[in-house]
Amino acid sequence: MSNQIDDDDLRPLATMSASIKVGESIPPVPVKEYAPDKPEPLVLKGKNIIVGVPGAFTGTCNAQVPGYINAFKQFQEKGVNGIYIVAVNDVFVTKAWKENLAPNGTEVHFIADDSAAFSNAIGLTFDPSVVLGNVRSTRYVIITEDQKVTSIHIEPEPGKLTVSAAELVLATL
């Protein structure tokens, strides 16, 4: 039996629509970036990209996130101030994942939504508890201008990268 999580196992569990809509504000739900005892809401200035992923270290997530790290300068050239990878994992896991994917550092933010409160608030969760143990974020990309949502791209199957890969998002800017 393999220990590798196959994101295709998540396919039938995904939701296809968000409760947050274009024109609405990102909710001020606290998330964690640096420490488990320092929750803060995302404060977004200018154009930003929020990338929701089901889980750190999973196959498709490990394939998706390096694209954002490697293309960060290209995103900046298109006017993007920040890229935020949001995973339903604790801050220790998201920090370890960041160090694993970017051992020389990165300006991409890795955000722990440890209780899925942020993901629930925007209506982008699904329940793969059979595979991942608890509710997780759907795979999505939200582009904002300050706190306002300007576009949303939701993967119809969380194990695929049809609308949320970095190069596809970059092409839409």
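So which helices (runs of 4 or more DSSP H) are wholly in segment 50-110 and hold at least 1 residues that are under 13 Å from the mean Cα position of the chain (by Cα) and farther than 23 Å from Pro30 by Cβ?
59-70
Being under 12 Å from Val53 (Cα atoms) and aliphatic (A, V, I, L, M): is that true of Ile143 here?
No: the conditions fail for Ile143.
Can you spot a residue in segment 103-110 that is surrounded by 15 or more Cβ atoms within 10 Å (Cβ to Cβ), in contact (Cβ under 8 Å) with a residue 24 or more places away in the chain and in contact with a Pro (Cβ under 7 Å, 6 or more places away or on another chain)?
no
Consider Thr138 against the criteria (1) modelled with pLDDT of 95 or more; (2) hydroxyl-bearing (Ser, Thr, Tyr); (3) surrounded by 19 or more Cβ atoms within 10 Å (Cβ to Cβ): it satisfies all of them except one. Which criterion is unmet?
(1)
Collect the residues in segment 78-102 that are in contact with a Cys (Cβ under 9 Å, 6 or more places away or on another chain) and either modelled with pLDDT of 95 or more or more than 19 Å from Leu44 (Cβ to Cβ) (or both), keeping them in residue-number order.
Across segment 78-102, the qualifying residues are Ile85, Trp97.
For residues that are modelled with pLDDT under 90 and surrounded by 16 or more Cβ atoms within 10 Å (Cβ to Cβ), scanning just segment 156-173, find the one that is nearest to Lys73 (Cα to Cα).
Of everything passing the filter in segment 156-173, Lys160 is nearest to Lys73 (Cα to Cα).
Tally time: how many residues in segment 40-70 are farther than 18 Å from Asp90 by Cβ and among the aromatic types (Phe, Trp, Tyr)?
The qualifying residues number 1.
Which residue is nearest to the chain's Cα centre (by Cα), if the candidates are limited to segment 40-49 and must be surrounded by 18 or more Cβ atoms within 10 Å (Cβ to Cβ) and closer than 18 Å to Ser137 by Cβ?
By that ranking, first place goes to Ile49.
Quick one: in segment 66-83, of everything that is touching a residue at least 40 places away in the same chain (Cβ under 8 Å) and in contact with a Phe, Trp or Tyr (Cβ under 8 Å, 6 or more places away or on another chain), which residue is surrounded by the most Cβ atoms within 10 Å (Cβ to Cβ)?
Top of the filtered list is Tyr68.
The values are calculated or read from the model by the stated rules, or taken from the named source; none is laboratory data. Please read all numbers here as calculations on a predicted model, not as lab measurements. Don't worry about glycine lacking a Cβ; one is built from the backbone with ideal geometry, like all the others, and counts go over all protein chains shown.
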